[in-house]
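The values are calculated or read from the model by the stated rules, or taken from the named source; none is laboratory data. Everything quoted here is computed from the prediction, not taken from an experiment. Because the Cβ atoms are built from the backbone with ideal geometry, glycine has one as well, and the counts that use them run over all protein chains shown. Surface accessibility is based on the protein's heavy atoms, side chains included, excluding ligands, DNA and RNA. Shrake-Rupley method; radii C 1.70, N 1.55, O 1.52, S 1.80 Å.
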Amino acid sequence: MAVRTYLVTGGAGFIGSNYIHYMFEKYGDDIRIINVDKLTYAGNLENLKDVEDHPNYTFIRADVCDGEKMMEIFNENDIDRVVHFAAESHVDRSIKNPDVFVRTNVLGTLNLLNAAKAAWENEDGTFKEDKKFLHVSTDEVYGSLDDDGGYFYETTPYDPHSPYSASKASSDFLVKSYMDTYHFPANITNCSNNYGPYQFPEKLIPLMINNALQGKKLPVYGDGKNVRDWLYVADHAKGIDMVQEKGRLFETYNIGGHNEKQNIEIIYTILDCLREILPDDDPRKANISEDLITYVTDRKGHDRRYAIAPDKIKKEVGWEPDTMFKEGIRKTIKWYFEHEDWMKNVTSGDYQNYYESMYANR
Ligand code: NAD
Ligand code: TYD
């Protein structure tokens, strides 16, 4: 079998690094991965330490907004698959500074589409065989659901509310336009909230674990009853791979495991798990208390509820999540607990300034 070459963008981030681990574990030497990442605050090569010496792994530090560089990478490598994760991904940051979201998420995606199209298109406008582009997107493009029901289907109209989700929706539409206009060989996946190892502690779960371990306040936005539909990150990686290999080209697939939780429930679960995991003689155990929970000013335009209907990916592709929440959250908390150095490294430097600016007067 020929070795298949993947171009993964944003592979040094949370989901991208988990995806690269998943793919090498599954395919070993049968694949080659080129990871293109700008290494923003969210990208961290430590996430990939155990694959950095793999003979089939290459890292290129580059910005997806650099169109010429993207063309060059395609010219120098015979790319078979693109899996496009690179993005600005945090809603709160997008509320403070939308511009970089449009640049990276929209223009960056356009550059990649153009580079892949230039490399893969034949003179007659058809595309070379077995070339595929997968655009990784979010359920947030569908907007917000009411507390009392409903799900996001692939047919749900787009209704993004935050600058983040609006930029992701724009990038989805660009990918769709390339499929519709040029018959460009692509898929889009829209996934629910992920959790697991290597997530940057600006997002709910690692932020609460890190704060609780340090005895710092746990800042809950609004009434704490907003609902997110949580999926273990390895199950997302598996879904992406299955869509690319078994899905129908030009289709969108929603990925989610029917695991809706209120934010406050997540925080109680984290506190319970930490109490269970920390040994009695660990001085941090005394910090773990519900008294740390602090209700703060709500996020502007805060979406109430997200919930994915994964019927299509289950039926057409045969995808099912492997990790149930009870097991996944325990594994995740244990991972952060056992990787204190990782947490210390990513929260040194700019993180303190970020935290001050987001939470000091909230
Ligand atoms: P992340 O913020 O952890 O990682 C993003 C990565 O992209 C980082 O390594 C960063 O350095 C890189 N990057 C940013 N700008 C870049 C640029 N201009 N050029 C090259 N690289 C750049 O994000 P994540 O949570 O891993 O999300 C990955 C993708 O999955 C995003 O497209 C996001 O929209 C999507 N998604 C995320 C979730 C979630 O729950 N985190 C859910 C569904 C979909
Ligand atoms: P987040 O992890 O930022 O993901 P997203 O906004 O993309 O869903 O937030 C998850 C939920 O947790 C969301 O409803 C906002 C809430 N939240 C808090 O209550 N406090 C916090 O400090 C953070 C970061 C999030």
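So if R0 is 51 Å, what FRET efficiency would Glu327 and Asn122 give, r being the distance between their Cβ atoms, rounded to the nearest 0.05? Provide the component values of the computation, followed by the final result.
Working: r = 47 Å, r/R0 = 0.93.
Taking R0 as 51 Å, the efficiency between Glu327 and Asn122 is 0.60.
Accessible surface of Cys65, taken over heavy atoms with a 1.4 Å probe and every protein chain present, rounds to 40 Å². The 3J(HN,Hα) values that the Karplus relation (6.51, -1.76, 1.60; θ = phi - 60°) gives for region 221-234 are, in residue order, 6, x, 8, x, 9, 5, 10, 10, 10, 8, 10, 5, 4, 5 Hz. Gly and Pro appear as x.
Taking only protein heavy atoms and a 1.4 Å probe, the accessible area of the chain is 47% carbon and sulfur.
Add -39500 (n - 2.57) for each DSSP H run of 4 or more in the chain, then divide by its residues: what number comes out at 222 nm, to the nearest 500 deg cm²/dmol?
Details: 11 runs with 133 residues, N = 362.
Calculated from helices alone, the mean residue ellipticity at 222 nm is -11500 deg cm²/dmol.
Dividing the mean sequence gap of close Cα pairs (under 8 Å, 6+ apart) by how many residues the chain holds gives a relative contact order of 17 percent. Sequentially through region 204-211, phi angles give Karplus couplings (6.51, -1.76, 1.60; θ = phi - 60°) of 3, 5, x, 5, 5, 5, 4, 5 Hz, Gly and Pro residues having no value and appearing as x. Residues whose amide H falls under 5 Å from that of Phe127, counting only those 5 or more places apart or on a different chain, are Asn122, with hydrogens built in the peptide plane. Where the centre of each part is set by its Cα atoms, how far does region 1-32 sit from region 143-192, in angstrom? Measuring centre to centre over Cα atoms gives 25 Å. The GluC sites (Glu not before Pro) of region 47-140 that meet both conditions, a loop assignment by DSSP and at most 13 other Cβ atoms within 10 Å of the site Cβ, are Glu52, Glu123, Glu129.
On full extension of the chain, what length is gained from Arg299 through Lys96, given 0.36 nm per residue of separation minus the C-alpha to C-alpha distance? Write out the running numbers ahead of the final one.
On the way: separation 203, 0.36 × 203 = 73.08 nm, distance 1.11 nm.
Working it through step by step, the gained length comes to 72.0 nm.
Pairs of Lys residues in region 61-210 are counted when their Cα atoms are under 22 angstrom apart and they lie 8 or more places apart or on different chains; the count is 17.
Report the Rg/Rh value for region 119-268, based on alpha-carbon coordinates and the Kirkwood definition of Rh. Let's see the in-between values first.
Values: Rg = 18.1 Å, Rh = 17.3 Å.
When Rh is taken as the Kirkwood radius, the ratio is 1.04.
Taking 22 Å as R0, compute the FRET efficiency from the Cβ-Cβ separation of Asp146 and Glu265 and round it to 0.05. Before the final figure, lay out each step's value.
Numbers: r = 18 Å, r/R0 = 0.83.
With a Förster radius of 22 Å, E is 0.75.
Close amide H pairs (under 5 Å, H built 1.01 Å from N) link Thr138 with Cys191, residues at least 5 positions away or on another chain. The overall shape of region 226-306, judged from the alpha-carbon gyration tensor, is oblate: a/c is not under 1.5, and a/b is no greater than b/c.
Ranked by the mean number of other Cβ atoms within 10 Å of their residues, highest first, the peptides 353-361, 260-268 fall in the order 260-268, 353-361.
Taken about its Cα centre, the chain carries a charge dipole of about 520 debye when Lys and Arg each add +1 at the Cβ and Asp and Glu each add -1 at the Cβ.
The residue among Ala2, Ile20, Asn35 whose Cα reaches farthest toward the positive pole of the charge dipole of region 2-41, with charges on the beta-carbon of Lys, Arg, Asp and Glu, is Asn35.
Between Arg275 and Lys315, the simple label model (points 7 Å from Cα in the Cβ direction) yields a spacing of 4.4 nm. Taken as Cα centroids, region 212-272 and region 54-95 sit 24 Å apart, rounded to the nearest whole angstrom.
Excluding ligands, DNA and RNA, the accessible surface per residue across region 206-362 is 45 Å² with a 1.4 Å probe. Every pair of different Cα atoms in the chain enters the Kirkwood calculation, which places the hydrodynamic radius at 21.0 Å. What is region 1-68 by shape, rounded, prolate or oblate, if you read a ≥ b ≥ c off the alpha carbon gyration tensor as root eigenvalues and call it rounded for a/c under 1.5, prolate for a/b larger than b/c, and oblate otherwise? Here region 1-68 falls in the oblate category. Evaluating 6.51 cos²θ - 1.76 cosθ + 1.60 at θ = phi - 60° for every residue in region 256-272, the Karplus couplings come out as x, x, 6, 9, 7, 9, 6, 4, 5, 4, 4, 5, 4, 4, 4, 5, 4 Hz, glycine and proline recorded as x.
Accessible area ranking (1.4 Å probe, heavy atoms, ligands and nucleic acids excluded), largest first, for Asp148, Asp303: Asp148, Asp303. FRET efficiency for the pair Ser289 and Ile60, taken as 1/(1 + (r/R0)^6) with r the Cβ-Cβ distance and R0 = 56 Å, rounds to 0.75.
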